[in-house]
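For reference, the structure discussed in these notes is given below.
The values are calculated or read from the model by the stated rules, or taken from the named source; none is laboratory data. Every value quoted in this text rests on a predicted model; they were computed, and no experiment measured them. Neighbour counts are summed over all protein chains in view; Cβ atoms, including those assigned to glycine, are modelled from backbone coordinates with ideal geometry. Quick note on the areas: whole protein, heavy atoms, side chains included, nothing else; ligands and nucleic acids left out. Shrake-Rupley method; radii C 1.70, N 1.55, O 1.52, S 1.80 Å.
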Amino acid sequence: MTSDPNKDSAGPPPKPASPQPASPGPLPLRHAGHHEWATALDHRDRTWWFDCIARLAVLGGGLSAILFIGAIFVFIASQGIDFALHHLNWLDFLFGKRWEPTVEPPEYGALPLIMGTCWITGVAMIIAVPLAFGAAIYIGEFARGRQREWLKILIELLAAIPSVVWGVIGLQVMKPIIQHVFGVQVGLNVLNAGIILGLMAAPIITTIAEDALKAVPETYREAAEALGASRWQVIWKVVLPHARPGLSAAVLLGIGRAFGETIAVLMASGHRLMIPESVFDSAATITATIAAELGEAAHGSEHYQVLFVLGLLLFGITFGINLTADWIVRGRRSRA
Amino acid sequence: MVTEPPPLVSVRGLSIHYGDKVALQGVDLDIKTNEIFGIIGPANAGKTSFLRALNRMDEFVPGMQVLGDITFAGRDVRTVRNLYALRKRIGVVFPLPVGLPLSIYDNVALSPRLSGITKHAQLDEIVERCLRRAALWDEVKDRLKGLGSLLSGGQQQRLTIARALSQDPELLLLDEFSIAVDPVTTMRIEEVLKELRQELTIVLVTNLVQQARRLADRTSFFLGGLCVEIAPTEALFSGGAREQSTVDYLEGRFG
Ligand SMILES: Nc1ncnc2c1ncn2[C@@H]1O[C@H](COP(=O)(O)OP(=O)(O)OP(=O)(O)O)[C@@H](O)[C@H]1O
Ligand SMILES: [Mg+2]
């Protein structure tokens, strides 16, 4: 030992075995000046203020998002609220099987549109998720160097194709193919719209899923591979579980994309206002109905207002999906 | 001086919880200016948790709750006006190296730059001094622009130490700093730590009982969330421990 034993012995009195009442409160003020550098701790310097201002600025960004969402909601609600509260029979609206707003008396049963949306979105996800996850795993875990770059560029290009082009593909390409392959009369149906929407959603899911995989630290892969795990075992046991929140988010954004898509689905689905019973039935979605009918409904009429109630419904469903997803992601994090 | 100078750090009634789990309970201690304060104790004793509370790292740990009073240079760390200034004064080294994705030079120059130092000559001098102190200078002086993350594990740990020194701390918290460093280099760093005692105060958490014996002025023994005893190191190691559990631990009978 190099230290001076006298110095050592000056410590606080040894702690007795029985607990002692906690001693002095704040130190007397004369001590404050003892460490000269310590005045900086009481001083809000430039860094501190800058931090404060920057924090407010980004808070402003966050609040503006809330503001926009709120404003949109208020607008949609204001157009349809009167009708929704006073004239609309919600039971008929949610469970009625006939959407006939232009005949006398009009029927406002939105079930065909809700079911159409669900069917088409469901088919789209069944197609998109395996495709997209496959692509993401290949790009993220197996492809190397140039090949990887090219694949990523291609997929981003795919995401940039305008939706009306996808609609034309549905009308001109998919329709005869479906008629031929499955031997059905109607080529514009749930399957057609689902495939088109699935192909539209897949690039987005792929991009986000690939980001989630890339965010898994390389050390995890190394640690698992050092145990003799095969590439696939590493992916299955380590990478995918760790990336799960990100992957869920990817699927959710995909669903959102499929859900909100309008023009392509209007062109490919056949837009038949009845509940589909199989993937070969034509169907109509909420979004396509709004797009198709809003132009011909007189401003302020019942028909006009009920279309806005449809908008509210869409808003509500999207909100519900996002909340659920958030809840799933949060639950996983806190358990991890 | 007639009166005892005030302690740099003073801890009263410190308890730390993670959710329902109690990691530390009722700790009272003072850390004096320019001493090396050793903390030993088996795994799970709450040593790392203690360090986390000192510079409010608990804010980064979800669920971690700190109760009691901690003052640093007479300021309550919970209510200090300028938290960033507080953290700047407290350097931390974790058990495993945490390299920032920067070059070796930039790793060490980051903190001085954040404090507004821009002159190259001055930065060069700080970087060299800190790297020398961390016993890394000779190995990296020709590759300062290379990525810090490409160094060997032990070198990265020394880079982390150099980085902590570069912020010119008053208090240095070392959490098992030598876990990834080879014994010869560890000895060199230990020599530096002894010299550093002239300039700053060190809290040394270590699993190597002999390291505490070599370096610490006073040593405290933590066990299962309690601070069992605090004593001058020499006294503790030469049979002066009051508690049976301390004696057992020092003699390697459990842990
Ligand atoms: N982030 C955390 N969340 C929940 N519990 C934690 C967390 N960090 C530590 N703990 C718990 O607090 C207790 C004390 O842990 P701590 O890391 O302080 O021990 P330690 O003395 O540093 O041990 P070691 O010598 O192994 O580093 C442990 O029981 C641990 O499980
Ligand atoms: Mg620890």
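Just the residues that are in contact with a Pro (Cβ under 8 Å, 6 or more places away or on another chain) and facing chain A (nearest Cβ under 10 Å), please, taken from the stretch B:198-218.
B:D217, B:R218, listed by residue number.
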| query | What are the residues in the stretch B:80-122 that are under 22 Å from the mean Cα position of the chain (by Cα) and assigned to a loop (DSSP other than H, G, I, E, B), if any? | reply | B:V80, B:N82, B:F94, B:P95, B:L96, B:P97, B:V98, B:G99, B:L100, B:S115
| request: For the stretch B:54-87, name all the residues that are open to solvent by less than 10 Å² (accessible area, probe 1.4 Å) and either within 10 Å of ligand 1 (Cβ to nearest atom) or at the interface with another protein chain (Cβ under 10 Å from one of its Cβ atoms) (or both). | output: B:F72, B:A73, B:V77, B:N82, B:L86
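Among the residues in the stretch B:152-166, are any within 16 Å of ligand 2 (Cβ to nearest atom) and over 26 Å from B:L14 (Cα atoms)?
Taking the stretch B:152-166 and keeping what is within 16 Å of ligand 2 (Cβ to nearest atom), we get B:157, B:160.
Those left that are additionally over 26 Å from B:L14 (Cα atoms): B:157, B:160.
Yes, the stretch B:152-166 has at least one match.
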| query | If you scan the stretch B:63-79, which residues turn out to be part of a loop (DSSP other than H, G, I, E, B) and out of contact with any helix residue (DSSP H, G or I) (no Cβ under 8 Å at 6 or more places or on another chain)? | reply | B:G63, B:R78, B:T79
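Rundown of residues vs (1) of a type in the set (V, I, T); (2) modelled with pLDDT of 95 or more; (3) part of a helix (DSSP H, G or I), yes/no style:
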{"position": "A:L59", "(1), (2), (3)": "no, yes, yes"}
{"position": "A:A77", "(1), (2), (3)": "no, no, yes"}
{"position": "A:G80", "(1), (2), (3)": "no, no, yes"}
{"position": "A:V123", "(1), (2), (3)": "yes, yes, yes"}
{"position": "A:A128", "(1), (2), (3)": "no, yes, yes"}
{"position": "A:L131", "(1), (2), (3)": "no, yes, yes"}
{"position": "A:I137", "(1), (2), (3)": "yes, yes, yes"}
{"position": "A:R148", "(1), (2), (3)": "no, no, yes"}
{"position": "A:L154", "(1), (2), (3)": "no, no, yes"}
| field | One residue from B:D142, B:D175 being touching a Pro at 6+ places or on another chain (Cβ under 7 Å) and either at negative phi or open to solvent by 70 Å² or more (accessible area, probe 1.4 Å) (or both) | value | B:D175
| Across the stretch B:10-62, what is the total count of residues that are within 12 Å of ligand 2 (Cβ to nearest atom) and under 17 Å from B:L173 (Cα atoms)? | 11
| message | I need the full set of residues from the stretch B:226-244 which are more than 16 Å from B:A216 (Cβ to Cβ) and in a loop (DSSP other than H, G, I, E, B), in order please. | response | B:R242, B:E243
